[in-house]
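The values are calculated or read from the model by the stated rules, or taken from the named source; none is laboratory data. Just so we're clear, the structure is a prediction, and the values are computed from it rather than from any experiment. Because the Cβ atoms are built from the backbone with ideal geometry, glycine has one as well, and the counts that use them run over all protein chains shown.
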Amino acid sequence: MEKRIGVVAILVKDRKSASQKVNEILSEYGDLIIGRIGLPYKERGINIISVIVEATTDEIGAFTGKLGAIPAVEVKSLLVTK
């Protein structure tokens, strides 16, 4: 299966309850990650993590599915063809 490059946006609405699990999943899928940036948005009470990935659609789906299953976390992804 062809690998694609994409961006995964992760919004963490409750840092105390979700950050440990989010970091565990990011470590688990670390071989897919090209780069990562995290920004606290204190005025809105959320944390935003952008992750650049290179992986198959199945791998990205498994990664985002695990993240999206965490309470207080929202995930969106954008993939490009090549």
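Put simply, of Glu59, Glu43 the only residue that is free of Cβ contacts under 8 Å to residues at least 40 places away in the same chain and closer than 12 Å to Tyr29 by Cα is Glu59.
The residues listed here are Leu11, Leu79, Leu39; of these, the one that is at pLDDT below 95 and part of a strand (DSSP E or B) is Leu79.
Would a scan of the range 50-58 turn up a residue that is part of a loop (DSSP other than H, G, I, E, B) and not polar (S, T, N, Q)? Checked against the condition, which is being part of a loop (DSSP other than H, G, I, E, B) and not polar (S, T, N, Q), the range 50-58 yields no hits at all. Selection of the range 28-43 for residues being surrounded by 14 or more Cβ atoms within 10 Å (Cβ to Cβ) and farther than 15 Å from Val73 by Cα yields Tyr29, Leu32, Ile33, Arg36. Considering Ile46, Ile25, Ile5, Ile70, the condition of being within 11 Å of the chain's Cα centre (by Cα) and surrounded by 12 or more Cβ atoms within 10 Å (Cβ to Cβ) is satisfied by Ile25 alone.
Restricting the range 63-76 to residues that are outside any loop (DSSP other than H, G, I, E, B) and without any contact (Cβ under 8 Å) to a residue 12 or more places away in the chain leaves a set whose member that is farthest from Glu28 (Cα to Cα) is Gly68.
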